[in-house]
Amino acid sequence: MRSEILSVGTELLMGQIANTDAQFLSRELREMGIGVYYHTVVGDNPARLKEQIVTSLERSDLLILTGGLGPTPDDLTKETAAEALGLAMKEDPASRQELLARFEMMGRECTPNNFKQVWFPEGAKILPNPNGTAPGCLLDRDGKIVVILPGPPRELNPMFTDHVKPYLLERAGRIMVSRFIHIYGIGESAIAYRLGDLLDSANPTLATYVGNGDIVLRATASAAAREDAESLLVPMEHKIEKLFGDSILSWDGREMPEVVLDLLKRHGATVACAESCTGGMIASSIVDIPGSSDVFLEGCVTYSNEAKMRRLGVSAKTLELHGAVSEETAREMAEGMRRTSGATYALATTGIAGPGGGTDTKPVGLIYVALATPEGTRVVERRGNRSRTQNRRGAALEALDMLRKELEKRS
């Protein structure tokens, strides 16, 4: 199947926003075995848009249009596509009711111009949009498929994944199965180097993405039946496991905090946090996950030396001799938190997040991360002159990864 992507919006032509829609769709189509031959951007001009739709349908089997589905006068993608295809526009009563209900739920008035969002080319399959007010639509006629999607990625991405992708796969008689493998502690370039020719595999395909402090591998196989697609993934999974070992966080899309919480629950263990430079990032990442109250006892941000002494029992002598940013202080912070909280494990961080505050002996990016366990305490030193946010986030992830590896040793 020959496809192309036609993005609509003057803001794209002016460089006001990046065309991440086309990037996302190209990746998805490639994994489905659908070749993308053209990317085109047209401004909010009906004449030029109609001309391009006609040209695109002459050379491609699948045309995906993005953007221009909103309530404003320059949102004319559906109307222009209908004109190019010789179709009338019709209102969809069910979409109208859903739109009214959505505005009522938001406590806002649904002004008349919003109703243009519930008119579609005759015969279109309507694609619901739970993340916005503009549904998309799909036309399959005369051997051509035309898909019209909203522009915002938070609306386009799930609409394509939930509705368009299954439609195209069913039409092609294929099933796709994906694994989302999270890897921590290895950079994307190093991962790509190790993977080598695996990244050129056709079925299953393999791609790398930067995640939330980790790297995500997406392995996708397609076949006529699900079990056949699953079988195709097995040899690649074995190779990935051999290459990355305990750097693999999960095989099912879970990120670091969720992996750690699942391990804590499995072992019937609890955790508490004493944070200085990370300022509550570790605790926040844990309590973001439902069910965290089963394993997370408490967390405190002991930013000042006084707080470290009063709350955690860090000795004044340790602070005087070694300073707040030191292995010794991190160790006493973790041990003090474990002792006073009663948790099985305690994590602690102290460091210089930046951009100021560094010295020749203690530069910006120097952070100590400690883990107190029933058997003893371990401290890791981190160095790196990145941004303040990156230094703090990296330290929080390092702390959770220390706990992850400790728990996996006990599995």
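Brief remarks follow.
- Counting 0.36 nm for each residue step from Arg30 to Leu321 and taking away their Cα separation leaves a gain of 98.8 nm.
- Positive-end residue, the chain charge dipole about Cα centroid, Cβ charges, pick of Tyr38, Gly123, Gly365: Gly365
- Within a Gaussian network of the chain (alpha carbon springs, distance under 10 Å), most fluctuating of Tyr37, Tyr368, Tyr184: Tyr37
- Highest GNM mean-square fluctuation among Met337, Met32, Met106, for the chain modelled with Cα contacts below 10 Å: Met106.
- Backbone amide hydrogens, once placed in the peptide plane, bring Leu69 within less than 5 Å of Gly151, excluding anything fewer than 5 places away on its chain.
- Dividing the C-alpha radius of gyration of region 175-250 by 2.2 N^0.38 Å, with N its residue count, gives 1.06.
- Amide N proximity, region 274-290 versus Lys362 label position 7 Å along Cα-to-Cβ, cut-off under 17 Å: 275-279
- Cross-link pairs Lys90/Lys116; Lys125/Lys165; Lys165/Lys239; Lys308/Lys405 - those with Cα-Cα distance over 20 Å: Lys165/Lys239; Lys308/Lys405
- Within region 2-172, percent of DSSP bridges classed antiparallel, to nearest 5: 40
- Listed values [x] 56; [y] 39; [z] 47, entry calculated as percent of Cα pairs over 30 Å apart: [x]
- Antiparallel DSSP beta bridges within the chain, percent to nearest 5: 60
- Calculated SAXS-style log₁₀ I(q)/I(0) at q = 0.09, 0.10 Å⁻¹ - region 2-172, Debye, Cα scatterers: -0.28, -0.34
- Cross-link reach is defined here as a Cα-Cα straight distance under 13 Å, omitting same-chain residues fewer than 8 places apart; for Lys50 the aspartates and glutamates meeting it are Glu58, Glu79, Glu83.
- Enclosed volume per residue, in Å³, of the convex hull spanned by Cα atoms of region 344-408: 70
- Fluctuation leader among Gly376, Gly336, Gly143 - the chain, Gaussian network, Cα springs under 10 angstrom: Gly143
- When both bridge partners sit in region 256-409, DSSP labels roughly 55% of those beta bridges antiparallel.
- Each other residue within a Cβ distance under 15 Å of Leu12 adds +1 if Lys or Arg and -1 if Asp or Glu, for a net charge of -4.
- Once both labels are positioned 7 Å from their Cα atoms along Cα-to-Cβ, the gap between Arg378 and Arg174 label points is 4.4 nm.
Laboratory data are not the source of any read-out in this text; all were calculated from the coordinates shown. Just so it is clear, the model here is predicted, and its values are computed rather than measured. Methodologically, a virtual Cβ is constructed for each residue, glycine included, from the backbone with ideal geometry; neighbour enumeration extends over all protein chains shown.
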